[in-house]
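No lab work stands behind these numbers, since they all come straight from the coordinates. What you see is a predicted model, and the numbers here were worked out from it, not measured in a lab.
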């Protein structure tokens, strides 16, 4: 029996300390990354999707709450802020290009941002999505903290929005390469910008894997679309 | 390295403080990015340590979304109940958004004669 008591105490210790779930987060991502590589870098094997699926399975099986998990994982989550600030580095390096392409960027931003909000709400609404779901879905292409703030403001569920934002990011990262090859958009700036508008930081992460210039434009698109979505969604919400 | 991390945190902190104090409706880290950009423009170069941190963090940017993504476990019941509108809505909307954005960008760029030298092969 003493052995079992020991294990209980060990489990209690691990549940209280952030170490276990922080380690698990990195381990799950490492597995996802390894699978992504094993698949020849195919965008269809997405490291984030694999990591999330593994972690949810482990948490459900071990009866661990999301709050307990997040106590550990928050250290990784926190880095989103500094990483956003770091986007200044590629932005500075490509500044002359960015300035030159300002007009195409703003035109594409406006078209893409409206498409993101209207198409998601229209399609989900036509298929019988509840009002709460639609309101949570509307800001899904904006980056997580902004989208959550918008959802709260218009009466959606912020934590549901966070989930939908991540799923949107994963879908975009998976489809962007074949989709834009099909449409014959060969320009790295246009490709990166498009995935950044649609799929925020996860899209930008995918773009950085492929090409630095694409990643830079994806980062800019993410920042600009966060701003525009925050303006657009409250204006469009009357139609939902 | 310490200086690079300090600079990052200072930019983010200033960004958060300024947007809150002035009530500007933009996210703190986005303003932090602009502050960092201004600092780099003043320096006229990217310090090596900062460049190193950027290389590491930006190449594994997607890791940082995992903790928020695991929050899906809080909504499994709703996703099960509304999987069709959610799945189709997200798929159609993400596809359309990428396509519309890229095509408009590419079209305007061509109209203006701004083709990039560096293209996907």
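Below 8 Å between Cα atoms, with a sequence gap of 6+, how large is the relative contact order for the stretch B:1-59 in percent?
Relative contact order, the stretch B:1-59: 37 percent.
Averaging sequence separations of C-alpha pairs under 8 Å and six or more residues apart, then dividing by the length of the stretch B:1-101, give the relative contact order as a whole percent.
It rounds to 21 percent for the stretch B:1-101.
Radius of gyration and Dmax for the stretch B:24-75's Cα atoms, expressed in Å?
15.3, 47
Per-residue ellipticity at 222 nm for chain A, helices alone: DSSP H runs ≥ 4 residues times -39500 (n - 2.57), over residue total, nearest 500 deg cm²/dmol?
-27500 deg cm²/dmol
Can you give the angle from 0 to 90° between the axis of helix A:47-62 and the longest principal axis of chain A, with both taken from C-alpha atoms, to the nearest 10?
The angle comes out near 30 degrees.
From zero up to wherever the largest Cα-Cα distance of the stretch A:105-240 sits, split into 10 Å bins and tell me the percent of pairs in each.
Whole-percent P(r) values from 0 Å outward: 15, 46, 30, 9, 0.
How big is D for chain B, in µm² s⁻¹ as a whole number, if Stokes-Einstein is applied with the Kirkwood radius of its Cα pairs at 37 °C and 0.692 mPa s?
D = 175 µm²/s.
If I fit a long axis through the Cα atoms of helix A:102-126 and take the longest principal axis of the Cα atoms of chain A, what angle between them do I get, 0 to 90°, rounded to 10?
It is inclined by approximately 60 degrees.
Based on the Cα gyration tensor of the stretch B:64-115, what are the three equivalent ellipsoid semi-axes, each the root of five times an eigenvalue, rounded to whole Å and given largest first?
36, 15, 4
Using Cα pairs closer than 8 Å and at least 6 residues apart in sequence, work out the relative contact order for chain A, in percent.
17 percent
Once each part is reduced to its C-alpha centroid, what is the distance from the stretch A:131-201 to the stretch A:1-53 in angstrom?
Each part reduced to its Cα centre gives a spacing of 26 Å.
Taking only DSSP H segments of four or more residues, each worth -39500 (n - 2.57), what value at 222 nm results for chain B once the sum is divided by all its residues, to the nearest 500 deg cm²/dmol?
Per the formula, -23500 deg cm²/dmol.
Rounding to the nearest 10 and keeping the result within 0 to 90°, find how far the Cα-based axis of helix A:144-154 lies from the longest principal axis of chain A.
The angle comes out at about 80 degrees.
Largest first, please: the extent of the C-alpha atoms of chain A along each principal axis, to the nearest Å.
71, 41, 31
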